[in-house]
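Below is one structure, written out as structure tokens, with a few remarks after it.
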Amino acid sequence: GMVAAGRSLQGSYPGKSTNQDSFVMKDLRPFTPRSVERPEGGEQLAPESDGRAGPLEELTCPAGGDAIIGVYDGHGEHGHHVSRFVKDRLAAELQKIDRANLSDAQTAERALAEAHERTQEALKSSGIDVSLSGSTACTALKRGRRLLVANVGDSRAVLGRLDPATGRLLARDLSEDHKPDCAKERARIEGGGGRVHPSMVPGRGFAGPARVWDRSQRFGLATSRSMGDTVYGGPNRSGVIAEPDVTTHKLDRSDKFVILASDGVWDRISSQEAVEIARRAKDAAHASEQIAHVARERWHRAGPVADDITAVVVSLSS
């Protein structure tokens, strides 16, 4: 079967009062006429998985079963509202996708892209001010042995896979972080007339991470794709876009873990180290707990500021 567990820890910096990360772990039962009456469909086995740093959440699902696992890292004044909205709405949209549309990589990619597009449109008319607030979305959709990962932003999904030759557990990224200065993203943004550069600090010149700038050049965002963040949109995909990159993986016996986490984890722990922590832990719950705590420990050693930290570990057994 499959066991998923998630842990979310609130970060700390001046004026911070909320954890803006959310995560979802949802078991998708086959639809029956009765389950269709429930607006969310499916079976929500972890009703408390709203990503607040409450108790640890767990979800168990049969090996051939279907599930949605996702991490949503909000930013901006209303980031916590955005991440929760996206988590709920995207799960509902993904759940509606006909299984038949997922068997072929191209139709699957289109179906997942449309689910994100509908979520972005719903977000714009949700009453949440998303001009300067938004969220990443890194979502794994498991349909039997097929694992699809749709990613927007700089949260990341990583597979821990046993190398049969050496017995080593190797990390393989299932998503690519959308940073403004990665070659593909920079080319897309600058190709349409957008600007990518770090913030200008008086007396120091450029400082900090590369950012995508809005047309007025007043606001810069350190991720090149996001749900929400309408101020950063540009003509012909030249700004921040809500389009996911999609990867497909056929699960087999060598696949041991999937780890989804916000950049609060990945800024401090490499993909390879994360799968090694998961391997040493006795179960998914301890693994997510351990990854979150190691990341937090390292933030605190580096200084007073810590990002929100969310780690969801899916333990796969054949």
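Of the residues making up the range 222-267, those that are closer than 24 Å to Arg118 by Cα and among the charged types (D, E, K, R) are Arg225, Asp229, Arg237, Glu243, Asp245.
Select, from Ala100, Ala63, the only residue that is at pLDDT below 90, over 28 Å from Ser288 (Cβ atoms) and either among the hydroxyl-bearing types (Ser, Thr, Tyr) or outside the structural domain of Phe219 (by TED's automatic domain parsing) (or both).
Details: Ala63 fails: over 28 Å from Ser288 (Cβ atoms).
Checking each option against the conditions leaves just Ala100.
Quick one: which strands (runs of 3 or more DSSP E) sit completely within the range 148-261 and have at least 3 residues that are assigned by TED's automatic domain parsing to the domain that holds Ala287?
Numbers: elements: 156-162, 169-173, 196-201, 205-213, 245-250, 255-261.
Here the list reads 156-162, 169-173, 245-250, 255-261.
Residue under question is Gly205, and the condition is that it be over 28 Å from Val314 (Cα atoms), at pLDDT below 95, of a type outside the set (A, V, I, L, M) and surrounded by 22 or more Cβ atoms within 10 Å (Cβ to Cβ); does it hold? Don't jump to the end; show me each part of the working.
Details: over 28 Å from Val314 (Cα atoms): yes; at pLDDT below 95: yes; of a type outside the set (A, V, I, L, M): yes; surrounded by 22 or more Cβ atoms within 10 Å (Cβ to Cβ): no.
When the stated conditions are applied, Gly205 does not pass them.
Take the conditions (1) in contact with an Asp or Glu (Cβ under 7 Å, 6 or more places away or on another chain); (2) within 13 Å of Ser22 (Cα to Cα); Phe85 misses just one of them, which is (1).
Just the residues that are surrounded by fewer than 23 Cβ atoms within 10 Å (Cβ to Cβ) and either of a type in the set (Gly, Ala, Ser) or within 22 Å of the chain's Cα centre (by Cα) (or both), please, taken from the range 222-240. Once the filter is applied, which keeps residues that are surrounded by fewer than 23 Cβ atoms within 10 Å (Cβ to Cβ) and either of a type in the set (Gly, Ala, Ser) or within 22 Å of the chain's Cα centre (by Cα) (or both), the range 222-240 yields Ala222, Thr230, Val231, Gly233, Gly234, Arg237, Ser238. Could you check the range 279-316 and list, in sequence order, the residues that are β-branched (Val, Ile, Thr), farther than 24 Å from Gly167 by Cβ and surrounded by 22 or more Cβ atoms within 10 Å (Cβ to Cβ)? Of everything in the range 279-316, those that are β-branched (Val, Ile, Thr), farther than 24 Å from Gly167 by Cβ and surrounded by 22 or more Cβ atoms within 10 Å (Cβ to Cβ) turn out to be Ile309, Thr310, Val312.
The values are calculated or read from the model by the stated rules, or taken from the named source; none is laboratory data. These numbers were taken from a predicted model, which means no experiment stands behind them. With ideal geometry, Cβ positions are generated from the backbone for all residues, glycine too; neighbour counts draw on all protein chains shown.
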